[in-house]
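The values are calculated or read from the model by the stated rules, or taken from the named source; none is laboratory data. Keep in mind that what you see is a predicted model, and the values were worked out from it rather than measured. Quick reminder, even Gly has a Cβ in these numbers, built from the backbone with ideal geometry, and neighbours come from all protein chains shown. To get the accessible areas, we keep the full protein, side chains included, count just its heavy atoms, and leave off ligands, DNA and RNA. Shrake-Rupley method; radii C 1.70, N 1.55, O 1.52, S 1.80 Å.
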Amino acid sequence: MTSGRTATVGRPRGFDVDEALDAAVRVFWAQGYEGASLDDLTGAMRINRTSMYRAFGNKEELFSRALARYTEGPASYVAQALAQPTAREVAAAFLGGSVRATTLPDCPTGCLGVQGSLAAGASGRPARDLLAAWRESGTAHLRDRFQRAVDGGDLPADADPGLLARYLMTVANGIAVQAAGGTSRDELQLVADLTMRSWPPVSS
């Protein structure tokens, strides 16, 4: 009897958590935090509200987990770019990744991290603050990477790592907004290429 009761308690959920989370990512990506209703989310995730609360917590917690999932998936280009051997390659990979991630076939256009909650009422402020911190974290990682490039002679000694990081993030955010407005991948890649023309030369 005891083993049977234990088996019942330990029975797996009747849905795939990762698949449900991926569905939530797409809803938040397309509709933003405040635009995504609980009915929208549970409908896409194919679960009821009770199951959602049990598995993911409230809407705010679900959004936080969805953003982490997005970071590991469509936005994984950021980590890949940071691992490139030179600062120029980091910058090119970052912008190119932004272009691709914001124009993925069969996915919402734009960037969840940029458009998820730019303007929000009181209920959406936690999500807005979370996304602002997410973007600032990306800028900080770029800044630290470019500081290492300056220290190692890969960038000129007078290059400003913080300004370069902010410059790239600003362009990437603009790419996301343009993508959401319907600008094509080819056009956005031209913007990325143009941006790279002003990149500081390798230190001699």
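Here are some notes:
- Considering residues of region 100-122 that are part of a helix (DSSP H, G or I) and under 13 Å from the mean Cα position of the chain (by Cα) only, the residue modelled with the lowest pLDDT: GLN115
- Being surrounded by fewer than 17 Cβ atoms within 10 Å (Cβ to Cβ), of a type outside the set (A, V, I, L, M) and part of a helix (DSSP H, G or I) is not true of THR42.
- Annotation: GLY153 fulfils all but one of (1) part of a helix (DSSP H, G or I); (2) open to solvent by less than 60 Å² (accessible area, probe 1.4 Å); (3) more than 14 Å from THR71 (Cα to Cα); the unmet one is (1).
- All positions within region 182-204 that are open to solvent by less than 70 Å² (accessible area, probe 1.4 Å) and part of a loop (DSSP other than H, G, I, E, B): GLY182, THR183, SER184, TRP199, PRO200, SER203
- Residue in region 51-62 that is assigned by TED's automatic domain parsing to the domain that holds PHE28, in contact (Cβ under 8 Å) with a residue 60 or more places away in the chain and in a helix (DSSP H, G or I) present: yes
- Any hit, region 100-117, residues being without any contact (Cβ under 8 Å) to a residue 60 or more places away in the chain, open to solvent by 10 Å² or more (accessible area, probe 1.4 Å) and of a type outside the set (A, V, I, L, M, F, W, C): yes
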